[in-house]
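First up is the structure itself, then whatever we jot down about it.
The values are calculated or read from the model by the stated rules, or taken from the named source; none is laboratory data. Only a predicted model underlies this, so the values are computations on that prediction, with no experimental measurement involved. Here the Cβ is made from the backbone with ideal geometry for all residues, glycine too, and neighbour counts use every protein chain on show. Ligands, DNA and RNA are excluded from the accessible area calculation, which covers all protein heavy atoms including side chains. Shrake-Rupley method; radii C 1.70, N 1.55, O 1.52, S 1.80 Å.
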Amino acid sequence: MNAWLISLGLSLEAGSIASLFADLPPAIAFLTFLSIHALACLVFTLMSLPLLPASYRRKGFQAGLLLFTLQFAIPVIGSIGVFAGMLLPLHLPRSEHNIPWQETAIPDLPFSPVDMSQQMTFSEGGLREVLREAHAPERRLKALLASRQLTDREAISILQEALKDPSDDVRLLAYSMLEQQEKRLASRAQSLQKLLEQRQHPDRNRLKRRLAHTWWEMAYLGLAQGGLRQYYLENARTILAELTGATSQHNDWRLLGRVELALNHTTAASRAFEAALANGAPPELIFPYQAEIAFLARDYRKVRFHLANCSRFRPAPVVKSLMEGWL
């Protein structure tokens, strides 16, 4: 069948060319040429369609119209070009190329200390998404264990969210990890209080400072809520008030300002931060808190003023993003 079509197509193409040299009027010769040439192109198109890949054959009319147009527009050479330039490359074996990437398996969630320079890390948002979206409890358990690589505050926030998990195993693990954090800080506070009971201890101010930081940390990390949080903050404020009255170090004033701010005592917090600056605190550590106080007072001009002052230094990433939103 193919041989018969090839012979017919070649004969028609030869006849169309011969008509141009026949002893006929120019118009009739040209119309005869076009007619016979169109028949030849149609024959070659019908012969070419079965040779196309399946994806092209499914659009038979469009593919046939393209092949016919290419051959009709370029007599003789068009048919040769279609076969040589389109059909042959589609059926020749493809050359192999080097794959520029390497497929790797999805890494599991790490739950032990890892070399951060060689391991993929998981952000707080990523672990939260696993806790909310993963159907398998094993995945959610691994997300809790992976939270150990986060900061304490981020990890505790994730653990508290996991307390609402429908799986008993996930809730128990989250509760156990939270209890370990709370026991660690409570044990430290108890040890410091026992040392402070020794009136002759040579470095009582250092012990008080560590105890104030411990009370603050328990409230700041979110381990305590409600009245217990208030109790921890009040204890920290009492100790820091004693320290600032005795030694007046800027770190004590700064922490006292943060405690007062957590207690919603904005006026006292503002005085503490001003005292921290007066005693040599780095301004870039104080300006963000002053901006927060101004925001609570709805003095947005001062918010921009304090954040603009931060731009003179190298602000932390969280402060930098805040500046981008305000300035």
Can you tell me which residue among Ala308, Ala294, Ala246 is surrounded by 13 or more Cβ atoms within 10 Å (Cβ to Cβ) and within 24 Å of Ala219 (Cβ to Cβ)?
Ala294
Restricting the search to the stretch 157-171, which residues are assigned to a helix (DSSP H, G or I) and surrounded by 14 or more Cβ atoms within 10 Å (Cβ to Cβ)?
Ser157, Ile158, Leu159, Gln160, Glu161, Ala162, Val170, Arg171
State yes or no: is Arg139 part of a helix (DSSP H, G or I), open to solvent by 60 Å² or more (accessible area, probe 1.4 Å), of a type in the set (D, E, K, R) and at pLDDT 85 or above?
yes
Any hit, the stretch 220-235, residues being open to solvent by less than 70 Å² (accessible area, probe 1.4 Å), in contact with a Lys or Arg (Cβ under 9 Å, 6 or more places away or on another chain) and assigned to a helix (DSSP H, G or I)
no
Given Ala38, Ala29, Ala22, which one is farther than 19 Å from Gly78 by Cα, open to solvent by less than 80 Å² (accessible area, probe 1.4 Å), among the small types (Gly, Ala, Ser) and in a helix (DSSP H, G or I)?
Ala29
Taking Arg184, is it among the basic types (Lys, Arg), touching a helix residue (DSSP H, G or I) at 6+ places or on another chain (Cβ under 9 Å), open to solvent by 70 Å² or more (accessible area, probe 1.4 Å) and in a helix (DSSP H, G or I)?
no
In the set Phe44, Phe61, the lone residue that is surrounded by 17 or more Cβ atoms within 10 Å (Cβ to Cβ) and either under 24 Å from Ser7 (Cα atoms) or at pLDDT 70 or above (or both) is Phe44
